[in-house]
Amino acid sequence: MVVTLDFEETQIKIPEQRIVIIGTDPSQVDINLDNSNLSPTNSLKDFGVSKKHIQLHQKGEDYMQVFVEDLKSTCGTYHNGEKLTPNQEYSLENRDNLAIGSSGLECTVLIHNPKEGLLKSTIFGAVNGIREIVNGKNQTTSTRRYLIDYQTGKTHSLDFTKQKIYVIGRNGNITTTTIDRYVSRSHLELFEDAKKTIARNLSKTGLTKIGDEVLKPEEERPLKEGVTTIYLSKAYKLEYIEIR
């Protein structure tokens, strides 16, 4: 995972370490914004940037998720226009906006996940290989279903003849990472009905989405052939792939 803070004329690459503290006191922080040429004439303390202002917490295997936390700064931090509650973590997504201090020192969070592209190309290569074999032999075959979890780096093969119901969550038979507080222990259920894969939302967080559409608690929705993106939270993304 590569994380960069883009201040328009200045870009700051975040070190690949679990906790990165950002502020203006070089003795207490990993990134001293006063040394970043963000203000050639004034100290950033004049912009309301505290000695220890925020920390970025990179979690999971290969730091697949990024969270921001305000460290009780004097003038606060804003995430996409909303003020952060101090000492509480908020998940970050690519191209989110952060405003630091009292004078609108803003940056765009750029998150590049090379593993996501690798996983997707691997599974699509396997799917295309299946298509070629089937078409070459002119045979019919059962439906293939896959679930990619970018946070754990795992690809799951779904077979409803062996497993009637798959439960996705922190305590499910498809286990997610435990670091996203918005992902429930039993979050989403997948099962087959009339040869279609059905997703049922078991969570009450209100953040579950199938594609761009919110899935309400206990609501069911069929998943289409091809590729469907599933969000368990703003940051926790899965990819469902079905080939017939």
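The values are calculated or read from the model by the stated rules, or taken from the named source; none is laboratory data. On a predicted model such as this, the values are computed, not experimentally measured, just so you know. We place every Cβ from the backbone using ideal geometry, glycine too, and count neighbours over all the protein chains shown. Areas reflect the complete protein model, heavy atoms only, side chains present, ligands, DNA and RNA absent. Shrake-Rupley method; radii C 1.70, N 1.55, O 1.52, S 1.80 Å.
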task: Count the net charge of all other residues whose Cβ sits under 12 Å from the Cβ of LYS195, scoring Lys and Arg as +1 and Asp and Glu as -1.
output: -1
query: When only the heavy atoms of the protein chains count and the probe is 1.4 Å, how do GLU8, GLU220, GLU242 rank by accessible area, highest first?
result: GLU8, GLU220, GLU242
field: Cut-off 10 Å between beta-carbons: net charge of the residues surrounding VAL68, Lys and Arg +1, Asp and Glu -1
entry: -4
